[in-house]
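This report concerns only the one structure given below.
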Amino acid sequence: MLGNSFENQFIKFKVVGVNTKENSGGLAAINFMLEKNLPGVNYFAVDRNDVKNLDGCRAIHKFRLLTMEDERNLVRALRGADMIFVVADEVWENIKAVALVAHCAKKVGVPVIFIAGGNFEDAEDEIIFDALIKLPSKNFEFDSAKVVENFFEAVTLPGQPKLDVKTISEAVKDSRAVVSYGERDGKNSVVRAAKAALEHAQNSADNFRAAKKILFNVTASQGNLSLEEAQKLLKIFKRRAPKAEILFGFSIDDWLVAKVKILIVASV
């Protein structure tokens with residue numbers, strides 16, 4: 001579970017935003033993420049319907065996915081990633097495009113995290129992915145950017161112990177894992193952020209209580225997580241998923257001051 005901070009500096013994330021309808025959250029999310037300027041993150045835009053929508057996305061790499069050669073080009077472009085995120089809002093509006101992107105991403109052989117906005121009922125059977133986070137369509141661009149940023153922080157910022165991509169890969173391998181997050185500021189922010197992330201996870205997976213493995217990462221300023229609070233978190237997680245092996249990571253970001261972020265990856 002312990003990652004090497006130096007090695008983690010060279011982690012590469014690749015994010016694919018998929019347009020499902022006009023002004024789709026998938027492409028808008030890419031534009032929002034680009035403003036974060038995260039090093040080691042590359043962005044790709046996909047629209048099978050209208051090239052004008054691609055023109056409105058600031059991603060350098062753009063794909064139509066109308067032919068087999070287009071699909072092969074996307075697979076080649078995604079190679080070299082340590083983790084891939086597929087981002088799409090209102091999936092049923094163009095599920096074929098989303099399913100094609102996920103299929104291409106899965107061929108790369110690294111964890112594929114699917115960030116889905118809006119109604120996702122029954123779509124899970126149509127799309128290949130390793131881990132899923134469900135978000136509401138409202139503020140989808142903002143929330144999906146938070147997810148990618150929290151993963152990036154979990155594996156690249158200094159801290160001890162550290163989660164790494166290998167540990168995440170092992171947790172989601174051969175599993176439809178659930179991803180969730182929570183953020184809180186002020187008094188008791190660590191526990192309140194953890195409870196928010198757990199509530200998100202439980203709302204996303206009816207069988208969360210039976211989770212086999214849970215990875216959770218705390219991103220906070222140095223000194224904002226005491227041993228007492230860490231022990232309290234472990235007890236909270238054990239109550240929610242008593243059979244799970246729980247692995248813990250800590251990322252230091254002194255710019256957060258009193259804010260705390262919790263990221264959860266649960267193998268269910």
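A few comments on the model shown:
- For segment 262-268, 3J(HN,Hα) per residue [Karplus equation, 6.51 cos²θ - 1.76 cosθ + 1.60, θ = phi - 60°, Hz, x = Gly/Pro]: 10, 10, 10, 10, 10, 8, 10
- Amide H partners (placed H, <5 Å) of L132, local residues excluded: F114, A177, V178, V179
- Percent RCO, i.e. relative contact order, over segment 5-155, from Cα pairs under 8 Å lying at least 6 residues apart: 26
- Footprinting exposure proxy for S226, S137 (fewest neighbouring C-beta atoms within 10 Å first): S226, S137
- Between segment 73-93 and segment 13-71, the C-alpha centres lie 9 angstrom from each other.
- Relative contact order (percent, whole number), the chain, Cα cutoff 8 Å, 6+ residue spacing: 19
- Think of each Lys and Arg Cβ as +1 and each Asp and Glu Cβ as -1; about the Cα centre, that makes the dipole of segment 175-267 roughly 460 debye.
- Whole-Hz Karplus values for segment 76-82 come out as 4, 5, 7, 5, x, 7, 8 Hz, taken residue by residue from phi with 6.51 cos²θ - 1.76 cosθ + 1.60 and θ = phi - 60°; glycine and proline positions read x.
- Summary of the geometry: segment 239-268 and segment 127-146, compared by the centres of their Cα atoms, lie 18 Å apart.
- Packing, taken as the mean count of other beta carbons within 10 Å per residue, orders the peptides 67-77, 244-254, 11-21 from highest to lowest as 11-21, 244-254, 67-77.
- Among (1) 30, 19, 17; (2) 31, 23, 16; (3) 33, 27, 14, the entry derived from the coordinates for semi-axes √(5λ) of the Cα gyration tensor in Å: (1)
- Among R176, R79, a tally of other beta-carbon atoms within 10 Å of each Cβ gives an order, fewest to most, of R79, R176.
- Legend: distances between Cα atoms for K213/K235; K166/K259; K166/K195; K166/K232; K195/K235; K62/K173; pairs beyond 18 Å are K166/K259; K166/K195; K166/K232; K62/K173.
A short reminder: the numbers here are calculations on the coordinates, not readings from a lab. Keep in mind that this is a model prediction, so the values were computed, not measured. Every residue, glycine as well, gets a Cβ built from its backbone with ideal geometry; the counts of neighbours run over all protein chains shown.
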